[in-house]
Every structure is written in structure tokens, then in C-alpha cells.
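Student: Attaching a single structure in C-alpha cells format; questions to follow.
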Amino acid sequence: MEAATIWFHIGPFAVTSIVVTTWGIMLALGVFCWLATRNLALDPGPLQAMLEGMVSAMEESICAVLPDRAQQLLPFIGTLWIYIVFANLVGVIPRLHAPTGNLSVTAGLALLVFLSVHWYGVRNEGLRRYLKHYLSPSPILLPFHLLSEVTRTVALAVRLFGNIMSLEMAAMLILLVAGLLAPVPLLMLHIVESLVQAYIFGMLALIYVAGAMQSQQNLERDEKGNEQ
Amino acid sequence: MDFDWPTFFLEIINFLILVWILKRFLYRPILGVVARRRAGIEKAMADARRIEAEARELRQQNERCLAQWGEEKEAAQTRLREELAAERERLMAGLEISVAEERERRRVLDERQQVEFKRAIEEQGIAQGAAFSARLLSRLATPELEARLYALLLEDLHSLRAEDKRAVADAAAAPGLQLKVQSAFALDEGRRAELVRVLAEVTGKALPVEYRKNPELLAGFQVSIGPWVLHANLRDELKFFSGALRHAG
């Protein structure tokens, strides 16, 4: 994998091809959503039906985990799913690299998940009650809780980065070794893997956030178990 | 596997911007239209439930009405059957009376037709008999027969009853009266004179006499004294007999 090329600088920040690709995805998604949702009707056309189905499916997935918080979590979790799908699939297009094949991108997403877990947890449970769950069921487990927070965040970033980067690298190697059309099956696998990895990343983020939002319930359940 | 801090921070910013974009242009409009549709569906479902309840109530009312109408219909049918039976009885009685009347009328008509037919047959028989008699008598009508009829005429004039004579005298009393004597054959002078003398005896005075020959009388005479006519000829006798037969029939 070659390093991302720097296109230009914005102050101290060097804007790489990865960031430009991300902007392209954002622009395409924004324009598409703006055009598609300008004239929504109660009797939907094919495009509106597809969008409604997609949003409803994401909402139902969130509902399955957190029945009362779907509206609250849909923007963050849904955007994770949508962005990662498109960021993964960009790698299929020749001469473009998937942003998620870059550790900086996946680490940024993982950091956002890490922060959002605490944000939603504190917002839902309150700071004291939220922090109290780190001492549950026993204060001895606090280091392990902290270690778990770090490792699962790192795992999120590395898992997505590793899968996408390895797929792109494998396709490139096969292209170099076998010829022009030889990587096509691998690219098809890339598509499937892109969808699977996006789903896994979003679901894990959802589960982490749900765990934080339901920490008080978990705490009460643990205390009740200890009393018995 | 290089890590680039600027890319790291820019990606975080980019993602947050993308969250805002999608929330503004995708989730909110889509969820809004879904919510509006869901509200519309719930409203439609509520309306449907309300309409269903109203329909159920209407159905129960309809069933009650149908049951009531069924009872009324049954009663009306029973009443109608009774009225029809009564009307049928009345019409049958009237029909029987009409049939009896018609039968009686036909019987009377048949009897009348039979009488008429019998009379027609009789009249035909009488007419044929008269025709045969007339034909036979026309062959027998001779001056000799007429002489016998002349004698018979005189005998009748002599044997008139008193009231008949008075009637003849009253008829002859009319002023300017002329006696008329018709005969099938010509009368000779001797018989004319004798007849004038006998008529004068009957009428009581001598009146002028007009003689005329009428072969239709076949044989015999017809004497007219004003309105009083004395028949002594075969034609009138045949008519008299035919009339007598008809009246007898």
C-alpha cells in the first residue's frame, strides 16, 4: 500500500487524497439526499421507497437493541453504516483507495465511537451513575473495564482497517501477478466484505452505546444478583 | 500502515459534518414522511374501525328491520291469501251463476231456434203445400169450377148472419160507394144481373157495380163493398187455409 498523497494544506493540516475522497463521498451523499428528499410524497416512488426502506431497516435494527432510543441514535449509527459502506466500496473504483483502508480514518471513527459511548452514557444515566458502572460488580474490575474500553476501540479501528486494506492489497497483488480481469472475483468479495464490515462496525458501535446507556440497569441487575 | 494526524482529525470533522448532512437531508425528511404516513394510516385505521362499528350497528338495525319486515310480509301474505281465497270464492260463485245463466240462456235460445226451425219447416211445408195446391187448383180452375164457386158465393150471401148483414149495409151506406166484383173468368150478363140483385138484397139498396177480370184469383170471385170484402176464390181460400195452418202450428 502506497502512502496517501498530500494534495494541499489547510493551515497546519495536510489534506491527503483520503480526505479528498471522503469529501467526495460526503458531497455525493449530501447532493443525492438533498435531491432525493426534496419532494417526498405520501405515495412513494421507487427511489423514495428504497430510501424509506433503508432508513426504516436501520431504525428497526437500532430498535431491536434499544427500543426507546432509535430516534436518538439513528443519525450517528446510521451515518456510520452509510459512510463506511460507501468508503469501503470506493476502493472498488479503479485509481481510488477506500478511506477505510487508512488507519487514520478508522481510528478517527473508532475514537468517535469511543467518545459517543461516554457521551450517550453520561447523557442518559448522569455522570455519577455512569462512572459507577466501572466499579461494578467489583471495584477490582475497574482496570479491566478501562482496558476493555481501550482495546475494543483499538479493535474497532484495526479490524476495519485491516480487512479493507488487506482486500485492496490482495486485489492489487492478484492484478500484478495474474492480469487485468483476474481480481474480479476478489472485487466481488470486496463488495460483500465492505457491506459486512460496515454492518459489524455499526452494530458494535450500537452495542457499545447501548451498553453505556443501559449501564445502570446492568448495575442494578448485578447488585440484585449479589444480594441473592 | 502509516498514521496521519491531520487526516485523523479531518476525518473526525468530516464524519460529524456528514452526520449533520444526513440528519438534515435524509433521516429527518424520511422519518417525517414515514411518521406522516403512519399517522395517516392510523387515522385511516381509526376511521375504518369507526366505520366498521357504524356498519355493524347498521347491519344489526338492518337485520332487525329485515326480521320485522319478514313478519309484516308473512302477515301480509296470510292476509292476501285469505283475501284471494275469499275473492276466489266470490268469483267462483259469480262464475257459477253466470254459467248457469248462460246455460239457461243457451237452452232457451236452442229451444227458440228449434221452434223457429220447426216453424220455418212448417211454413216451408205449408208454402210448398200451398204452392202444390195452387198449381193443382190452377190446373183445375175452369169456368165450371167458377160456376160452382158462383153458386157458393150466392149461398154465402144468402146465409149471412144478421149482424153481418147490418155491417154490410152500414158499409154500403157510404155515399158514392161503388161495388167491385173481381172474377177469374168473365161473368156473363145473366150472372151479373143475378149478382146485382142479390147484392142489393144484402146491402139494402142498388149500387153501381164495377166488374173486373183477375186471373190471379185462379177461380171464383172477390166482392168488395167498401171496406167489407167477400172472398169466394181459390187464391184467397188457399191463403186462408195456409194462414189457418200457420196459426194452428
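The values are calculated or read from the model by the stated rules, or taken from the named source; none is laboratory data. Computed from a predicted model, the values in this text were never measured in an experiment. We place every Cβ from the backbone using ideal geometry, glycine too, and count neighbours over all the protein chains shown.
Student: Quick check on region B:182-202. Is at least one of its residues under 59 Å from the mean Cα position of the chain (by Cα) and either basic (K, R) or assigned to a helix (DSSP H, G or I) (or both)?
Tutor: no
Student: Return yes when B:A174 is in a helix (DSSP H, G or I) and surrounded by 10 or more Cβ atoms within 10 Å (Cβ to Cβ) and no when it is not. Steps first, please.
Tutor: Working: in a helix (DSSP H, G or I): no; surrounded by 10 or more Cβ atoms within 10 Å (Cβ to Cβ): yes.
Against the criterion (in a helix (DSSP H, G or I) and surrounded by 10 or more Cβ atoms within 10 Å (Cβ to Cβ)), B:A174 does not qualify.
Student: Does B:I30 satisfy being within 27 Å of A:G162 (Cα to Cα) and either part of a helix (DSSP H, G or I) or more than 7 Å from every other protein chain (Cβ to nearest Cβ) (or both)?
Tutor: Working: within 27 Å of A:G162 (Cα to Cα): no; either part of a helix (DSSP H, G or I) or more than 7 Å from every other protein chain (Cβ to nearest Cβ) (or both): yes.
Against the criterion (within 27 Å of A:G162 (Cα to Cα) and either part of a helix (DSSP H, G or I) or more than 7 Å from every other protein chain (Cβ to nearest Cβ) (or both)), B:I30 does not qualify.
Student: Mind checking which pairs have a first residue in region A:205-221 that is of a type in the set (G, A, S) and a second that is modelled with pLDDT of 85 or more and surrounded by fewer than 19 Cβ atoms within 10 Å (Cβ to Cβ), Cβ under 6 Å, 6 or more apart or different chains?
Tutor: Here the result reads A:A210/A:V65, each pair linking region A:205-221 to a residue that is modelled with pLDDT of 85 or more and surrounded by fewer than 19 Cβ atoms within 10 Å (Cβ to Cβ).
Student: Which residue, of B:L18, B:L10, B:L26, B:L22, is touching a strand residue (DSSP E or B) at 6+ places or on another chain (Cβ under 7 Å), within 21 Å of A:L80 (Cβ to Cβ), without any contact (Cβ under 8 Å) to a residue 24 or more places away in the chain and surrounded by 18 or more Cβ atoms within 10 Å (Cβ to Cβ)?
Tutor: Numbers: B:L18 fails: touching a strand residue (DSSP E or B) at 6+ places or on another chain (Cβ under 7 Å); B:L26 fails: touching a strand residue (DSSP E or B) at 6+ places or on another chain (Cβ under 7 Å); B:L22 fails: touching a strand residue (DSSP E or B) at 6+ places or on another chain (Cβ under 7 Å).
Exactly one residue qualifies, and that residue is B:L10.
Student: A further question on this structure: Residues A:I62, A:I18: which one is more than 8 Å from chain B (Cβ to nearest Cβ) and either closer than 30 Å to A:I207 by Cα or among the charged types (D, E, K, R) (or both)?
Tutor: On the way: A:I18 fails: more than 8 Å from chain B (Cβ to nearest Cβ).
None of the other options fit; the residue is A:I62.
Residue-by-condition table, conditions (1) in contact with a His (Cβ under 6 Å, 6 or more places away or on another chain); (2) at pLDDT below 90; (3) more than 14 Å from A:L103 (Cα to Cα):
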site	(1), (2), (3)
A:R128	no, yes, yes
A:L131	no, yes, yes
A:L135	no, yes, yes
A:P139	no, yes, yes
A:L146	no, no, yes
A:T153	no, no, no
A:L156	no, no, no
A:G162	no, no, no
A:L173	no, yes, yes
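Student: Sort out which residues of region A:36-57 are at the interface with chain B (Cβ under 9 Å from one of its Cβ atoms) and part of a helix (DSSP H, G or I), and write them in order of number.
Tutor: Result: A:A36, A:Q48, A:L51, A:E52, A:M54, A:V55, A:S56.
Student: Then there's this: Exactly one of these conditions fails for B:I41: (1) within 30 Å of A:I18 (Cα to Cα); (2) at pLDDT below 95. Give me its number.
Tutor: Every listed condition holds for B:I41 apart from (1).
Student: Pairs under 7 Å by beta carbon, first residue within 21 Å of B:V168 (Cβ to Cβ) and surrounded by fewer than 18 Cβ atoms within 10 Å (Cβ to Cβ) in region B:214-241, partner among the charged types (D, E, K, R) and at pLDDT 85 or above, six or more apart or different chains?
Tutor: Final answer for the pair search is B:S224/B:K180.
Student: Among the residues of region A:65-94, how many are among the hydrophobic types (A, V, I, L, M, F, W, C), over 19 Å from A:A157 (Cβ atoms) and either facing another protein chain (nearest Cβ under 9 Å) or touching a Cys at 6+ places or on another chain (Cβ under 9 Å) (or both)?
Tutor: 2
Student: Quick one: is A:I6 touching a Ser or Thr at 6+ places or on another chain (Cβ under 9 Å), on the phi < 0 side of the Ramachandran plot and more than 8 Å from chain B (Cβ to nearest Cβ)? Outline the logic, then answer.
Tutor: Numbers: touching a Ser or Thr at 6+ places or on another chain (Cβ under 9 Å): yes; on the phi < 0 side of the Ramachandran plot: yes; more than 8 Å from chain B (Cβ to nearest Cβ): yes.
It is true that A:I6 is touching a Ser or Thr at 6+ places or on another chain (Cβ under 9 Å), on the phi < 0 side of the Ramachandran plot and more than 8 Å from chain B (Cβ to nearest Cβ).
Student: Another question about this same structure. If the requirement is being of a type outside the set (V, I, T) and either within 20 Å of A:L89 (Cβ to Cβ) or at pLDDT below 90 (or both), which of these qualifies: A:L112, A:L181?
Tutor: A:L181
Student: Let me ask you something else. Going by the conditions given, is B:T142 surrounded by 11 or more Cβ atoms within 10 Å (Cβ to Cβ) and β-branched (V, I, T)? Step through it out loud before you land on a result.
Tutor: Working: surrounded by 11 or more Cβ atoms within 10 Å (Cβ to Cβ): yes; β-branched (V, I, T): yes.
Here the answer is yes, as B:T142 does meet what is asked.
Student: While we're on this one: Go through (1) within 27 Å of A:G101 (Cβ to Cβ); (2) more than 8 Å from chain A (Cβ to nearest Cβ); (3) not aromatic (F, W, Y) for B:A35 and report which single condition fails.
Tutor: Unmet condition: (1).
Student: Scan region B:1-22 for residues that are aliphatic (A, V, I, L, M) and within 7 Å of another protein chain (Cβ to nearest Cβ) and jot them down.
Tutor: Passing the criteria: B:M1, B:L10, B:I12, B:I17, B:L18, B:V19, B:I21, B:L22.
Student: What are the pairs with Cβ atoms under 6 angstrom where one residue, in region B:103-130, is within 16 Å of B:G243 (Cβ to Cβ) and the other, located anywhere, is not in a helix (DSSP H, G or I)? Sequence gap at least six, or different chains.
Tutor: The qualifying pairs are B:E122/B:G249.
Student: Here is a further query. Just to be sure, is B:F25 at the interface with chain A (Cβ under 8 Å from one of its Cβ atoms), under 30 Å from A:G202 (Cβ atoms) and not in a helix (DSSP H, G or I)?
Tutor: no
Student: Could we say that B:F117 is assigned to a helix (DSSP H, G or I), more than 30 Å from A:L40 (Cα to Cα) and of a type in the set (F, W, Y) here? Let's see the steps before the verdict.
Tutor: Numbers: assigned to a helix (DSSP H, G or I): yes; more than 30 Å from A:L40 (Cα to Cα): yes; of a type in the set (F, W, Y): yes.
Considered against the rule, which asks whether it is assigned to a helix (DSSP H, G or I), more than 30 Å from A:L40 (Cα to Cα) and of a type in the set (F, W, Y), B:F117 comes out as yes.
Student: Wholly within region A:75-134, which helices (runs of 4 or more DSSP H) include no fewer than the required count, namely at least 3 residues that are in contact with a Phe, Trp or Tyr (Cβ under 7 Å, 6 or more places away or on another chain) and more than 28 Å from A:I6 (Cα to Cα)?
Tutor: A:103-125
Student: Suppose the filter is surrounded by 10 or more Cβ atoms within 10 Å (Cβ to Cβ), of a type in the set (G, A, S) and either within 8 Å of chain A (Cβ to nearest Cβ) or not in a helix (DSSP H, G or I) (or both); does B:G70 pass it?
Tutor: Answer is no for this residue.
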